[in-house]
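Undergrad: Take this structure, written in structure tokens, and hold onto it; I'll ask about it next.
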Amino acid sequence: MRLPEQLQSTIEAEFAGISNVSASGGGSINQAARIDLNNGESLFVKWNSAELYDMFVVEERGLSLLSDADSGLKIPAPLRHDKIPEAGLSYLILEYLDEGRSTSETDTKLGEGLAALHQHTSDTYGLDHDNYIGRLPQYNDPHENWIDFLINQRFGPQLKMAMDSGLLDSRDRKSFEALYQRLPDILADEPASLLHGDLWGGNQFATGSGEPAIFDPAVYFGNREIELAFTYLFGGFGRNFYQAYHAAWPLQPGFDERKDIYNLYPLLVHVNLFGSVYAGQVKRIISRFS
């Protein structure tokens with residue numbers, strides 16, 4: 001694999017000469033690579049067009065927030081981000097983490113670490129800046145009430161986007177409005193916890209030393225149940241993960257019913273990112289609660 005010439009020159013000027021470049025999964029948004037340096041160190045670099053530079057800026061801020069929480073989870077350290085205007089690209093350079101084999105012990109540490117992360121709380125739900133969920137904007141205007149935040153900053157913007165593109169319609173909007181009226185009687189009262197924000201199986205792994213690592217965040221302060229709900233959406237995490245989390249900070253009764261409501265948010269995101277294949281799941285869940 002070859003890096004863009006200007007990006008390679010920038011890395012060599014900032015760090016060291018490059019001995020090898022190998023393609024790495026960067027998701028569906030960015031190009032990404034592992035960079036092996038002549039000094040024996042390795043880096044992880046993502047790059048995209050210069051117009052998307054803000055995505056790297058807020059990713060760095062999110063990683064720093066997670067790292068500052070000192071939860072025991074491994075967070076890749078952001079090393080540099082910038083634009084190269086003459087090349088029309090922007091980039092983010094991170095500490096490279098070797099991926100190892102996940103074990104039951106890794107899952108246990110992940111559950112304990114996530115519970116520790118969630119115990120970092122705020123007086124308000126949201127964040128002092130907006131960021132992204134995938135490549136879509138994620139709005140974080142602070143609210144004192146979780147349900148108001150969930151409606152105004154999570155469900156509402158994604159529902160409008162799906163309706164504007166014709167993927168959902170006015171009947172779906174009415175179903176959501178009916179659900180909104182029921183939320184005070186359904187959702188549990190929880191503090192505003194620091195959340196990774198996009199925690200599915202693809203955004204975590206075991207490092208080479210067996211430590212749990214999380215990355216590609218969409219950070220904000222929210223009800224921790226929305227984070228736990230998302231871990232179930234695409235196959236779930238290991239049993240030891242859930243046992244360790246519950247042992248560290250048990251969830252309130254009724255979570256198994258509430259988690260489908262919370263998963264309306266990532267499902268709406270998937271509708272807007274990948275199309276109507278996910279719209280049926282949204283409709284089935286909303287029909288149960290509206």
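The values are calculated or read from the model by the stated rules, or taken from the named source; none is laboratory data. Since this is a predicted model, take the numbers as computed values, not measurements. Backbone-built Cβ (ideal geometry, glycine too); neighbour counts: all protein chains shown.
Undergrad: Determine whether Y242 is part of a helix (DSSP H, G or I) and either closer than 20 Å to N131 by Cβ or touching a residue at least 40 places away in the same chain (Cβ under 8 Å) (or both).
TA: Details: part of a helix (DSSP H, G or I): yes; either closer than 20 Å to N131 by Cβ or touching a residue at least 40 places away in the same chain (Cβ under 8 Å) (or both): yes.
Spelling it out, Y242 is indeed part of a helix (DSSP H, G or I) and either closer than 20 Å to N131 by Cβ or touching a residue at least 40 places away in the same chain (Cβ under 8 Å) (or both).
Undergrad: Additional query: Look at F289 and say whether it is modelled with pLDDT under 95, of a type outside the set (G, A, S) and within 22 Å of Q153 (Cα to Cα).
TA: Working: modelled with pLDDT under 95: yes; of a type outside the set (G, A, S): yes; within 22 Å of Q153 (Cα to Cα): yes.
It is true that F289 is modelled with pLDDT under 95, of a type outside the set (G, A, S) and within 22 Å of Q153 (Cα to Cα).
Undergrad: Tell me, which residue of the range 270-290 that is among the polar types (S, T, N, Q) and surrounded by 15 or more Cβ atoms within 10 Å (Cβ to Cβ) is farthest from the chain's Cα centre (by Cα)? Please lay out each step first, then the result.
TA: Going residue by residue through the range 270-290, those that are among the polar types (S, T, N, Q) are 272, 276, 281, 287, 290.
Subset that is surrounded by 15 or more Cβ atoms within 10 Å (Cβ to Cβ): 272, 281, 290.
Details: N272: 16, Q281: 20, S290: 28 Å.
Of everything passing the filter in the range 270-290, S290 is farthest from the chain's Cα centre (by Cα).
Undergrad: One residue is enough: does the range 251-269 have a residue meeting the conditions small (G, A, S), over 19 Å from the mean Cα position of the chain (by Cα), part of a helix (DSSP H, G or I) and surrounded by fewer than 22 Cβ atoms within 10 Å (Cβ to Cβ)?
TA: No: zero hits.
Undergrad: Return the residues of the range 211-238 that are more than 20 Å from A69 (Cα to Cα), of a type outside the set (A, V, I, L, M) and modelled with pLDDT of 95 or more; say none if nothing qualifies. Can you show your working first?
TA: Filtering the range 211-238 for residues more than 20 Å from A69 (Cα to Cα) gives 229-238.
Now narrow it down to the ones that are of a type outside the set (A, V, I, L, M): 230-232, 234-238.
Across the range 211-238, the qualifying residues are F230, T231, Y232.
Undergrad: Quick one: in the range 127-146, which of the residues that are crowded, with 21+ Cβ neighbours inside 10 Å and within 11 Å of F221 (Cα to Cα) is farthest from the chain's Cα centre (by Cα)?
TA: Filtering first and then ranking leaves W146.
Undergrad: Continuing with the same structure: When the residues of the range 1-38 are narrowed to those that are at pLDDT below 95, in contact with a Gly (Cβ under 9 Å, 6 or more places away or on another chain) and not aliphatic (A, V, I, L, M), which ends up farthest from F215 (Cα to Cα)?
TA: In this case the residue turns out to be S28.
Undergrad: What residue, of A116, A69, is assigned by TED's automatic domain parsing to the domain that holds L37 and surrounded by fewer than 21 Cβ atoms within 10 Å (Cβ to Cβ)?
TA: Working: A116 fails: assigned by TED's automatic domain parsing to the domain that holds L37.
Just a single option satisfies the conditions, and that option is A69.
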